[in-house]
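Peer 1: Here you go, one structure.
The values are calculated or read from the model by the stated rules, or taken from the named source; none is laboratory data. Being a predicted model, the structure only gives us computed values, none of them experimental. For neighbour counting, all protein chains shown are included, and Cβ atoms are generated from backbone atoms with ideal geometry for every residue, glycine included. Accessible surface areas use protein heavy atoms only, side chains included; no ligands, DNA or RNA. Shrake-Rupley method; radii C 1.70, N 1.55, O 1.52, S 1.80 Å.
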Amino acid sequence: MGTVHARSLEPLPSSGPDFGALGEEAEFVEVEPEAKQEILENKDVVVQHVHFDGLGRTKDDIIICEIGDVFKAKNLIEVMRKSHEAREKLLRLGIFRQVDVLIDTCQGDDALPNGLDVTFEVTELRRLTGSYNTMVGNNEGSMVLGLKLPNLLGRAEKVTFQFSYGTKETSYGLSFFKPQPGNFERNFSINLYKVTGQFPWSSLRETDRGISAEYSFPIWKTSHTVKWEGVWRELGCLSRTASFAVRKESGHSLKSSLSHAMVIDSRNSSILPRRGALLKVTQELAGYTGGDVSFLKEDFELQLNKQFIFDSVFSASLWGGMLVPIGDKPSSIADRFYLGGPTSVRGFSMHSIGPQSEGDYLGGEAYWAGGLHLYTPLPFRPGQGGFGELFRTHFFLNAGNLCNLNYGEGPKAHIRKLAECIRWSYGAGIVLRLGNIARLELNYCVPMGVQRGDRICDGVQFGAGIRFL
C-alpha cells in the first residue's frame, strides 16, 4: 500500500504492491484507491505498531510515555491528529533535531484489514552543542555563549553551561534539568551561578554566588514553581561619590530563602499580546532555612488584553508588592522593590521613584503600579501583511507609587501612604515586536505628579525588554 503523511489527507497513490500491475483494468485502478481511502477515513482503524527510526542513546520508556495516545486513535483523522501531537511532544523534549511522521497500512502475517503502522523518523541532537546569541533584558542587552549536553542519560536530561556579558550584568552558571517522563511540565532543576551586576541609579555593585533547586508542576490551569535558593551576596559602592546610606549597606550577607510562584497565562503572546490574561503571584520567605537575612515578600502581576475593531488592542496592567522584615534587622537594599523607567512608569528615569539619599535611590518596601494601553496599527498601515505588522502605535497612561511603610500603623495607614504622592504619566509612541524575544518602545512621555528627588525623562524615551507595565 502507499504511504500517507500525517500532515495531509491526500488520496492514496494508485501504485504499490496491490495496484502496480493491473494491465488493461484501467477503470479498476481509478476506483479502488477512492474506495480504500473511504475505508480509512470513515471506518474504524487500529494502530497495530509504532516504529522509531534513528534512536541512539534515547531510552524506550521516555519515548513510550510521549506516544501512548497514538494507540487510542479510532479513525484515520484521529491517528493523524494524535501522531502530530506526539511529534510536538517529542520535539518539546529538546533531544531531537527533527521528527517526521509516516502512516502506512499494516503489513505482515498479523496485519488486520484496518490496521495501520505509524513510523517516527527522528534525528537526535549531538552529545555536545554550542550556541551564541544576544538577549534583551529590561532596558539592557547582553551577549550569551552556551554549551549544552542534551539527553545526557537518555531520558531528556540536560546539562547547560552559560556565560553572559551585558551592559549592566555579567554572569555564568551551570544547570541540570530533568523532566518527568510523560509529563514535561513537571520538571526539576539545579543551578550553580555567579552574577555581577551594576546599578548606577543606586551607585551599587552586587556580586551573587549561589545555588538553587526548583521543582515546577501544573495544577489544573495553573503553573507552579517551588524554589530554594542559597546565595552569598557581596555589596559594594559603584563610585566614590556613593551616599552614606549605600556605603552602610556594603559588605557580605548570606540569604537562604524558599519561594513559590503561581502563573495563569492565557495570552496568545507574552511580548505583545492581542488577547488573554496573565496572573502571576510570588511569595518568598527568607531566614527560616538559614542565613542572616530574614523577610517575607509578596509580589503580583495582573494583565488583561482585549481586541477591538480596526485591529486595535486595549490592555490593562496592575503590579504590586510588599516586603516585611522579620526581626529587628532592617531590609537590605538588594531585596527592596524599585519603580520607574521605560518598562514600568514611563516618563521617569530607570528606578528613580521613591526613597533616595544624596541622589542614590534606595528602593522601597511597598509599591503599586498600573497602566492603561491602546495599541493600534500604524496610520495608513504601511507594509500590511509583512514587515509593517511588527509595528504598533501606542497610547498609554501609567501611574504608581513606591514607599516604605510603618508596619505598626495598620492596613488603613498603609493604603493611605500608598495613595499619597502618586506619580503618573501619559504619552504616545511606536512599539516594535522582535519576534517572541523582546519588544522595543519609542515613546513621547509627559510625566506628572513628580515629587522632590524623582528623576524624570520628559520627552522622548526609549525602552527595550520583555516585561512591560
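Peer 1: Tell me, how many Å apart are the Cα centres for the stretch 184-211 and for the stretch 344-412?
Peer 2: 24
Peer 1: Relative contact order (percent) for the stretch 396-460, with alpha-carbon contacts under 8 angstrom and 6 or more residues of separation?
Peer 2: 28
Peer 1: Might you work out the accessible area of V446 for me, using a 1.4 Å probe with all protein chains in place, and round it to the nearest 10 Å²?
Peer 2: Using a 1.4 Å probe on the heavy atoms, I get roughly 40 Å².
Peer 1: Name the residue from P355, A438, P179 whose Cα lies farthest towards the positive end of the charge dipole of the chain, charges +1 on Cβ of Lys and Arg and -1 on Cβ of Asp and Glu.
Peer 2: In the chain, that residue is P355.
Peer 1: In deg cm²/dmol and to the nearest 500, what is the mean residue ellipticity at 222 nm of the chain if only DSSP H runs of at least 4 residues count, each as -39500 (n - 2.57), divided by the residue total?
Peer 2: -3500 deg cm²/dmol
Peer 1: Could you order L318, L339, L304 so the one with the most accessible surface comes first? Probe is 1.4 Å.
Peer 2: These residues rank, largest area first, as L304, L318, L339.
Peer 1: List the lysines whose alpha-carbon lies under 16 Å from that of K178, not counting same-chain residues fewer than 8 positions away?
Peer 2: K59, K89, K148, K158, K227
Peer 1: Which percentage, to the nearest 5, of the DSSP beta bridges contained in the chain is antiparallel?
Peer 2: 95
Peer 1: Would you please give the FRET efficiency between A413 and L258, computed as 1/(1 + (r/R0)^6) with r the Cβ-Cβ distance and R0 = 30 Å, to the nearest 0.05?
Peer 2: Step by step, r from the Cβ atoms, then E = 0.55.
Peer 1: Between their Cα atoms, which of K306/K412; K72/K280; K255/K417; K248/K417; K168/K280 are more than 31 Å away from each other?
Peer 2: Beyond 31 Å: K306/K412; K72/K280.
Peer 1: Obtain the nm distance between the two label points defined at Y215 and K168 by a simple spin-label model: each point lies 7 Å from its Cα along the Cα-to-C-beta direction.
Peer 2: Placing both labels 7 Å beyond Cα along the Cβ direction yields 3.5 nm.
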